[in-house]
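Below: the structure, in structure tokens.
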Amino acid sequence: MAEENGLLPVVSFLKNADTDDPYLEGHKCSECGAVFLGERDNCSSCAARGKMKPTRLSDQGNLYVYSIVHRSFPGIDVPYVSAVVDLEGGGTVKGNLINIDPEPEKIEMGMPIEVVYQKAPRKDKEGNEYLTYYFQPRS
Ligand SMILES: [Zn+2]
């Protein structure tokens, strides 16, 4: 019997969701070193073809931009902080910034953050559980 307690990744670029070593995956150009999220055949930076290789992204980065969300879908707690971070070594990822007050005075552009992984608060219709990722201020 297969184990049925594995979490599913909430997005396709979250790897190893069912283990204690999850990570975000990007694709790196072996010609110019540019890193992108998601699979692609051609480099958007130098236009090299067929040079994109999967790469494990860093769990450390810096806040690039954010917005405080005050209205969302029913059942989603607001306000929350929607953020875009630049990861060390490349890769730009969007996600929610947690463990910080959703107030502009508390959030600094460029502040160091880390990626954390948590079980998603909701199951899907089939009762599957998901692993998701968040950003939080680096301590
Ligand atoms: Zn390239």
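The values are calculated or read from the model by the stated rules, or taken from the named source; none is laboratory data. Because the structure is a prediction, the values reported are computed rather than measured. Backbone-built Cβ (ideal geometry, glycine too); neighbour counts: all protein chains shown. The protein model used for the area step is the full one, side chains on, heavy atoms only, and it has no ligands, DNA or RNA in it. Shrake-Rupley method; radii C 1.70, N 1.55, O 1.52, S 1.80 Å.
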Discussion item. Springs between alpha-carbon pairs under 10 angstrom, Gaussian network model over the chain: which of K51, K119, K106 fluctuates most?
Written reply: K106
Worksheet item: Ignoring ligands, DNA and RNA, what percent of the 1.4 Å accessible area of the stretch 38-139 is carbon and sulfur?
Response: 47
Worksheet item: How many nm is it between the label spots at S45 and Q60, if each spot is 7 Å from the Cα in line with the beta carbon?
Response: 2.0
Response to the item:
Whole-Hz Karplus couplings 3J(HN,Hα) for the stretch 129-139, θ = phi - 60° and coefficients 6.51, -1.76, 1.60, Gly and Pro as x, run 9, 10, 9, 10, 10, 9, 10, 9, x, 6, 8
Response to the item:
Note on the chain: alpha-carbon gyration tensor, axes a ≥ b ≥ c; rule is a/c under 1.5 for rounded, else prolate if a/b larger than b/c, else oblate; result oblate
Worksheet item: How much area per residue is accessible in the chain when the probe is 1.4 Å and only protein heavy atoms are counted (Å²)?
Response: 63
Item to complete: Given the options I98, I107, I76, state which has the largest fluctuation in a GNM of the chain using a 10 Å cut-off (strictly under) for Cα springs.
Response: I76
Worksheet item: How big is the charge dipole of the chain about its Cα centre, in debye rounded to the nearest 20, if each Lys and Arg gets +1 on its Cβ and each Asp and Glu gets -1 on its Cβ?
Response: 480
Worksheet entry | Highest-fluctuation residue, G50, G61, G89 considered, GNM on the chain with Cα pairs under 10 Å | G50
Worksheet entry | the stretch 70-134, dipole about Cα centre (Lys/Arg Cβ +1, Asp/Glu Cβ -1), debye to the nearest 20 | 360
